[in-house]
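Novice: What follows is a single structure, and I will ask about it in a moment.
A short reminder: the numbers here are calculations on the coordinates, not readings from a lab. Quantities reported herein were computed from a predicted structural model and do not represent experimental measurements. Every residue, glycine as well, gets a Cβ built from its backbone with ideal geometry; the counts of neighbours run over all protein chains shown.
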Amino acid sequence: MTVGPDDTRQARQVALVIAATGLMWIGAQILGGWLGLPARIVLLFDLAALAGFSWALVTTWRIWRRRQGK
């Protein structure tokens with residue numbers, strides 16, 4: 001199985017999104033606790049992280065499906 005340049009680029013993008021989302025989510029949790037932000041605001045950070053991880057999961061699944069067809 002060969003991996004095309006588009007798949008490689010998207011896989012690299014997925015890896016960066018996962019890493020950045022995880023770091024930003026951890027930072028938001030620490031900052032929220034340190035500043036005493038209300039739970040409603042912290043929930044927004046949780047939902048943003050969920051969106052980032054969901055996008056990464058769907059994109060990874062699409063890459064995997066494309067490779068199955070080759």
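Novice: So what is the orientation-averaged projected area of the chain, using the convex hull of its C-alpha atoms, in nm²?
Specialist: 4.7 nm²
Novice: With θ set to phi - 60° and the Karplus curve 6.51 cos²θ - 1.76 cosθ + 1.60, what are the ³J(HN,Hα) couplings of segment 14-28 in order, to the nearest whole Hz, using x for Gly and Pro?
Specialist: Each residue of segment 14-28 in turn: 4, 4, 5, 5, 4, 5, 5, 5, x, 5, 5, 5, 4, x, 5 Hz.
Novice: Rounded to the nearest 0.05, what FRET efficiency do Q13 and I41 have when you use their Cβ-Cβ distance and R0 = 30 Å?
Specialist: 0.60
Novice: Using θ = phi - 60° and the Karplus curve 6.51 cos²θ - 1.76 cosθ + 1.60, what whole-Hz ³J(HN,Hα) does each residue of segment 35-47 get, with Gly and Pro shown as x?
Specialist: Working through the residues one at a time gives 8, x, 5, x, 4, 5, 6, 5, 4, 4, 5, 5, 5 Hz.
Novice: Dipole size in debye (nearest 20) for the chain around its Cα centre, Lys and Arg Cβ +1, Asp and Glu Cβ -1?
Specialist: The calculation lands at about 360 debye.
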